[in-house]
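See structure below.
The values are calculated or read from the model by the stated rules, or taken from the named source; none is laboratory data. The structure displayed is predicted, hence computed values, not measured ones. Cβ sites come from the backbone with ideal geometry, for glycine too, and all protein chains shown count toward neighbours. Each accessible area value is taken on the protein alone, full model and side chains, heavy atoms only, with ligands, DNA and RNA left out. Shrake-Rupley method; radii C 1.70, N 1.55, O 1.52, S 1.80 Å.
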Amino acid sequence: MKQRWLSRVGTKEVLVIFGGWALGAAPFESVAGDMDVLLVEDYIRLDDPLTDLVSFDRVNLLAFSFGVASAAHWLAQTGFRPDKLTAISGTLSPADPECGIAPDLIRATAEHLSPANFTKFCRRAGLDGPAPEIDIDAARAELYAVIDRGTAPDTRFDRIWIPERDRIIPSQAQHAAWITQQEAVRRISGAHVPFQSGQSWEEWLV
């Protein structure tokens, strides 16, 4: 795992984002909010205890895309429980033909990964602007790690957002994955990256 601060405003409330595969901070650049924001990414290993969190009175965790399963694995390993837990565009079974993405498709993405293919992925995901820089070897290793790690332990989320135009993790698969947590599910009309300019973090944490 890697971590970096996207915002430090000195409050006692922190938002921890488990981001998506290889996208870095790009999906979240248009979202604002008056809180400290810590981005976690790179899920080859999930052994960082995130010790900085102990200094905050309130910890909200927002997991996006492959970050959903990764966050659930991390929570199970550490025993940490955030005050609010939100899932967006992801499931607990990222490498699954019915509740995520078929493992063969993820392997094919890893095997044929190139800057050009990654740019196509970003467009399919609905990311505005140019594709972020990518470390091909690290991104490929991360995909294999997601497959090998498998389904995350059952984790209860306070809010689950499912985009209805998701071309990365099919919307139908997300609905199937969250069938036992329907009370937390909210549908949105966006793409896999559903964040829009002018939105606040608070809108995603309701």
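Could you give the length gained by full extension between residue 112 and residue 156, i.e. 0.36 nm per residue of separation minus their alpha carbon distance, to one decimal place? Spell out each step's value before the answer.
Values: separation 44, 0.36 × 44 = 15.84 nm, distance 3.49 nm.
Fully extending the segment from residue 112 to residue 156 adds 12.3 nm.
Exposed loop GluC sites (Glu not before Pro) only (DSSP loop, at most 15 other Cβ atoms within 10 Å): please give the longest stretch of the chain free of them, not including the sites.
Free of exposed loop sites, the longest segment is 30-97.
Per the Debye formula with a single identical scatterer at each Cα and no solvent contribution, what log10 I(q)/I(0) holds for the range 2-62 at q = 0.13, 0.23, 0.27 Å⁻¹?
Listed by q, the Debye log ratios stand at -0.32, -0.98, -1.27.
So what is log10(I(q)/I(0)) for the range 74-132 at q = 0.14, 0.16 1/Å, when the Debye sum runs over its Cα atoms only?
Rounded to two decimals, the profile gives -0.61, -0.76.
For the range 105-200, would you read off the P(r) tail past 22 Å as a percentage of all alpha carbon pairs?
On the way: 1902 of 4560 pairs.
Taking all Cα-Cα pairs of the range 105-200, the fraction more than 22 Å apart is 42 percent.
For the range 40-83, what ratio Rg/Rh do Cα atoms give with a Kirkwood hydrodynamic radius?
So for the range 40-83, dividing Rg by the Kirkwood Rh gives 0.93.
Find the accessible area per residue for the range 20-123; the probe is 1.4 Å, ligands and nucleic acids are left out, and the unit is Å².
With the other protein chains kept in place, the range 20-123 gives 40 Å² per residue.
If you roll a 1.4 angstrom probe over the protein chains with everything in place, what fraction of the accessible area of the range 123-181 belongs to carbon and sulfur, to the nearest %?
Heavy-atom surface of the range 123-181 belonging to carbon and sulfur, 1.4 Å probe: 48 percent.
Give me the percent relative contact order of the chain, please, defined on Cα pairs under 8 angstrom at least 6 residues apart.
25 percent
Compute the angle between helix 136-149 and the longest alpha-carbon principal axis of the chain, please, reported from 0 to 90 degrees and rounded to the nearest 10.
Here the helix axis deviates by roughly 80 degrees.
Determine the calculated [θ] at 222 nm for the chain from helices alone, applying -39500 (n - 2.57) to every DSSP H run no shorter than 4 residues and normalising by the residue count; nearest 500 deg cm²/dmol.
Helix-only estimate at 222 nm: -8000 deg cm²/dmol.
Find me the longest stretch of the chain that has none of the exposed trypsin sites (Lys or Arg not before Pro), where exposed means in a DSSP loop (not H, G, I, E or B) with at most 15 other Cβ atoms within 10 Å.
46-155
In the range 1-126, what % of DSSP beta bridges are antiparallel (nearest 5)?
Antiparallel bridges make up about 25 percent of those DSSP assigns within the range 1-126.
Which distance in Å, rounded to a whole number, links the C-alpha centroids of the range 127-186 and the range 1-23?
Cα centres, the range 127-186 to the range 1-23: 18 Å.
Is the range 15-100 best put as rounded, prolate or oblate by its Cα gyration tensor, with a ≥ b ≥ c the root eigenvalues, rounded for a/c under 1.5, and otherwise prolate when a/b is larger than b/c, oblate when not?
In terms of gyration-tensor shape, oblate.
Hey, what's the per residue convex hull volume over the C-alpha atoms of the range 144-193, in cubic angstrom?
Spread over its residues, the Cα hull of the range 144-193 gives 92 Å³ apiece.
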